[in-house]
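Q: This is the structure, below, for whatever I ask next.
The values are calculated or read from the model by the stated rules, or taken from the named source; none is laboratory data. The structure displayed is predicted, hence computed values, not measured ones. Positions of Cβ are generated from backbone atoms using ideal geometry, with glycine treated the same way; all protein chains shown enter the neighbour counts.
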Amino acid sequence: MFLASVFSVHTSHSNENEFNDVESNSSTTRWRNLLAFWILGLCNNYGYVVVLTAAHDILASRFGTNDHDKTNSSITNATTDSRGCNAVSTGAILLADIVPCLLVKLMVPFLPFFVHVRLTTCVLCSIAGFLAVSLGETQWITIFGVVLTSVSSGLGEVSIVSYSHKFGKESIASWSSGTGGAGIIGAFSYAGLTMIMSSETALLAMLIIPVIQAIAFWLLMVHPAEQPIVKYGIDSQEEIVKMPKKTIPEKFQLLPKLLVYLLPLGLVYFFEYFINMGLYELIQFDGIWLNHSEQYRWLQVDYQIGVFISRSSATFITFKKVWVMAILQGLNVILFSTEAIFFYIPNIWIVFVVTFWEGLLGGGAYVNTFYSMLQTIPAEDLKDSLGIVTMADSLGITLAGWTAMEAHAAICKLPRPIR
């Protein structure tokens, strides 16, 4: 009896210790994966943000024909009118940056899913992009560096968002927060480094970013085994089978039922980037502490802060009706368009508040779309569905770029109002 009692107590303590070890390992794995997804989101969008900005600076400083071109810092020659408009809107620059990303997102979701090959390609394209922009001897090599970074960002997003189906909805919240932070961290780190070194040297220093991306994916992340699905036979016996791989026609068949996610998210991004790339630069307040260029830059920073906060909010609050965000973003288009035409808003702080709200809607639509999909899409369709829906934002941004150029040209022909 005594031995039995001792053995029983020992077994109880042993089981409890094993349970604690399993719980500890599970908790450690969870936090490692959440951190890995956050870092991957940051690195994926960081190069996209920074290389584009640096390419503008390098093209203006290294290949500019005269001081006027350098001052205006534009790929194309800029001319101004009574409204202070550039000859070509920032929508043109947006198109040059987003089209490669869109093409990747249109094709890759329908191709075989080899996540390790895809991430290797992302890292290599990111490294090549940094090197091409910083060391390019011609304009085309520098622009090609921007294209490579755009490809890396698009391939990274469609692959990691699809891969998140193995990790649960927290992974999407962490990824989205990281992508939101990339805009702020990228802008501030580039500005800080260029205060003490040239743009070219700053980009070479940022080669650490794709290295961190590789470490996060292959060393920090704990990759789960292939998830099985349970099927019941005629005799009601459970049968464990591997998740089936879909053919290309089967993936295309998913599109109709994904429109409920694609359309609202695409509309939010269309409205959002129409404002950012077509209207921000046309809104100006005279006689305040910020000149026109500074007003534009701070509106962009204000927008990025809103995006970061909302993309980081899914752990605390979620919204299933993304179409409401599309309607609200459409109302923002009306407000910004009429302000760009008539200059009727009396104070720039009102514009800052609305811009922050615009960023909240954009980031919120992104994270809540994928968060909702993780909860509603069947497991056997989830991976491919997530990849397909990533094209919505890039498609909306591309359409916004074309539309923004037309709107920019039309508004710039109007007489400048007196505020």
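Q: Considering only residues that are over 27 Å from ASP286 (Cα atoms), surrounded by 20 or more Cβ atoms within 10 Å (Cβ to Cβ) and hydrophobic (A, V, I, L, M, F, W, C), which ones fall in the stretch 321-366?
A: Result: VAL322, MET325, ALA326, LEU360, LEU361, ALA365.
Q: So SER159 ticks every box in (1) surrounded by 24 or more Cβ atoms within 10 Å (Cβ to Cβ); (2) over 30 Å from GLU380 (Cβ atoms); (3) not charged (D, E, K, R) but one. Which box is left unticked?
A: The single condition SER159 does not satisfy is (2).
Q: Report yes if some residue within the stretch 290-306 is part of a loop (DSSP other than H, G, I, E, B) and surrounded by fewer than 22 Cβ atoms within 10 Å (Cβ to Cβ); otherwise report no.
A: Checking the stretch 290-306: at least one residue is part of a loop (DSSP other than H, G, I, E, B) and surrounded by fewer than 22 Cβ atoms within 10 Å (Cβ to Cβ).
Q: While we're here: Being under 22 Å from ALA392 (Cα atoms) and surrounded by fewer than 20 Cβ atoms within 10 Å (Cβ to Cβ): is that true of THR318 here?
A: So THR318 fits the description; yes.
Q: Any chance you could count how many residues in the stretch 218-236 are outside any loop (DSSP other than H, G, I, E, B), exposed (fewer than 12 other Cβ atoms within 10 Å of the Cβ) and either at pLDDT 80 or above or touching a Leu at 6+ places or on another chain (Cβ under 6 Å) (or both)?
A: Final tally of qualifying residues: 1.
Q: How many residues does the stretch 111-151 contain that are under 13 Å from ASP97 (Cα atoms) and outside any helix (DSSP H, G or I)?
A: The total comes to 0.
Let's see how each residue does on (1) closer than 27 Å to GLY154 by Cα; (2) in contact with a strand residue (DSSP E or B) (Cβ under 7 Å, 6 or more places away or on another chain); (3) not hydroxyl-bearing (Ser, Thr, Tyr):
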| site | (1), (2), (3) |
| --- | --- |
| SER313 | yes, no, no |
| LYS320 | yes, no, yes |
| ALA326 | yes, no, yes |
| ILE334 | no, no, yes |
| TYR344 | no, no, no |
| THR355 | yes, no, no |
| GLY363 | yes, no, yes |
| PHE370 | yes, no, yes |
| LYS383 | yes, no, yes |
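Q: Further question on the same structure: In the set GLU170, GLU239, GLU200, which member is over 30 Å from VAL389 (Cβ atoms), surrounded by fewer than 21 Cβ atoms within 10 Å (Cβ to Cβ) and at pLDDT 85 or above?
A: One residue alone meets the criteria, GLU200.
Residues checked against (1) under 26 Å from MET221 (Cβ atoms); (2) in contact with a helix residue (DSSP H, G or I) (Cβ under 9 Å, 6 or more places away or on another chain); (3) surrounded by fewer than 18 Cβ atoms within 10 Å (Cβ to Cβ):
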| site | (1), (2), (3) |
| --- | --- |
| LYS105 | yes, yes, no |
| PRO109 | yes, yes, no |
| VAL117 | yes, no, yes |
| CYS125 | yes, yes, no |
| PHE130 | yes, yes, no |
| LEU135 | no, yes, yes |
| GLY145 | no, yes, no |
| THR149 | yes, yes, no |
| GLY154 | yes, yes, no |
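Q: If you don't mind, another one. Restricting to the stretch 26-44, name every residue that is more than 13 Å from ALA173 (Cα to Cα) and buried (at least 22 other Cβ atoms within 10 Å of the Cβ).
A: CYS43, ASN44
Q: So is ILE334 modelled with pLDDT under 95 and either among the small types (Gly, Ala, Ser) or not in a loop (DSSP other than H, G, I, E, B) (or both) or not?
A: So ILE334 does not fit the description; no.
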